[in-house]
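The values are calculated or read from the model by the stated rules, or taken from the named source; none is laboratory data. Treat the numbers as computed from the prediction; the structure is a model and nothing was measured. Backbone-built Cβ (ideal geometry, glycine too); neighbour counts: all protein chains shown. Note: accessible area is taken over every heavy atom of the protein model, side chains too, but ligands, DNA and RNA are not part of it. Shrake-Rupley method; radii C 1.70, N 1.55, O 1.52, S 1.80 Å.
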Amino acid sequence: SLLSRINPKSFEKLFSVVLKWLKNYSSGKLLKLAAAQVTGLGAEAKPKGFGVLKRPIFEQLLHILNENVDEKGDDDEDDESWALFYHSLLAVHKFLAYLNDINSNSEFLKYNEHETPHFRIETLFKLMQHNHMWVRKAASRLVGQCLSAAPTGNSDSSQYFSSDDSVFELVKVCCSQLTSDILDDDLADQVTKNLIWGISQFHAANNAKGKNWLIHRLSYLSRKRGKGEVIRRATCFKCIGFLATQMEGKEIEENDYLVPMMSSLVRFKDEALPRDVLELLESRVGSVIYLQGYKAVQQQVQKIRDERKKKYTMEKIEDPHAAAKRKLQKTQQKKAAKKRKIAQAKKLRGR
């Protein structure tokens with residue numbers, strides 16, 4: 001890149017101008033967007049060339065994120081807004097990635113209410129739910145990058161947040177990302193990493209409320225139908241498996257975690273991942289408790305099926321038109337599922 005060939009003095013002079021673009025409140029979004037893009041390129045091409053400008057540029061990027069989230073958080077349709085969010089996030093990410101090791105820059109990440117602007121990981125939570133996929137992915141990656149600097153399983157990690165409840169909020173945001181129609185493999189992988197960090201913190205803090213909420217939420221999400229259900233289900237099963245590794249069998253049994261953990265796994269027990277997680281749960285709680293839980297889940301599933309069957313029978317009598325419509329819809333779904341299965345089989349055979 002041309003930036004890597006500039007001598008140190010010219011490089012610093014160039015970015016003193018970029019800093020003015022970032023600082024100038026009268027600058028339009030397009031000028032700030034250009035500044036964020038150039039900063040990202042500079043951090044990648046010549047990470048040690050910023051000198052004394054490193055801190056003020058970094059702070060201005062954070063200021064843009066803080067300011068825009070607070071004032072323009074719902075303006076997702078504005079093309080300039082999403083681009084400014086995205087490139088500011090990207091520039092911060094590159095700053096942390098290329099300015100040596102992230103741990104040597106952890107002073108940038110620590111929450112300090114006396115600094116203005118101060119960095120808040122919570123600032124990124126809203127961007128993690130942004131309507132634009134690029135912004136959502138960039139925010140999730142940056143959160144993951146920040147969490148990698150925060151020690152897992154250590155109460156000191158609270159210094160990266162402004163509140164003790166922020167870990168719980170992070171977990172809730174990650175779960176909400178799994179319900180999105182724009183969920184893909186890359187985003188799901190990052191959500192899994194962020195959730196695993198949150199689970200580690202729950203375990204370190206002995207947060208039974210957080211664990212209980214997350215287990216029931218993952219159980220529900222793994223059964224949720226719709227776009228991205230295969231990716232969502234795999235992410236939930238991985239997190240349930242990690243939860244199982246963090247708890248002793250006694251804790252799982254005493255807190256009644258086993259049935260909600262197994263309820264969705266049993267439904268997909270013929271697949272490799274849920275089968276492995278079920279085996280892991282059996283090794284944690286023992287065969288006797290495991291079989292009791294398995295039986296309870298089967299009874300639960302059968303009860304739901306019986307109630308649904310009874311409801312459909314009553315519907316045929318009370319509203320035949322709606323019942324016929326439902327039957328036609330079910331037939332169409334079966335045909336679509338069969339077509340998908342054939343297409344997947346052909347893809348596997350390389351046709």
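Per-structure values
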item: Residue in the stretch 12-31 that is most open to solvent (accessible area, probe 1.4 Å), counting only those that are among the aromatic types (Phe, Trp, Tyr) and at pLDDT 85 or above; result: Trp21
item: In the stretch 205-219, the residues that are exposed (fewer than 14 other Cβ atoms within 10 Å of the Cβ) and not small (Gly, Ala, Ser); result: Asn206, Lys209
item: All positions within the stretch 281-290 that are surrounded by fewer than 17 Cβ atoms within 10 Å (Cβ to Cβ) and aliphatic (A, V, I, L, M); result: Val288
item: Tally, over the stretch 63-98, of residues that are open to solvent by 10 Å² or more (accessible area, probe 1.4 Å) and at pLDDT below 85; result: 18
item: Residue pairs meeting the criteria (Cβ under 6 Å; at least 6 apart or on separate chains; first surrounded by 17 or more Cβ atoms within 10 Å (Cβ to Cβ), in the stretch 178-199; second in a loop (DSSP other than H, G, I, E, B)); result: Leu183/Gly228; Trp197/Thr152
item: Per-region count, the stretch 237-246, residues farther than 14 Å from Leu278 by Cβ and surrounded by 19 or more Cβ atoms within 10 Å (Cβ to Cβ); result: 1
item: Test set (1) closer than 14 Å to Ala35 by Cβ; (2) at pLDDT 80 or above - Glu122 fails condition number; result: (1)
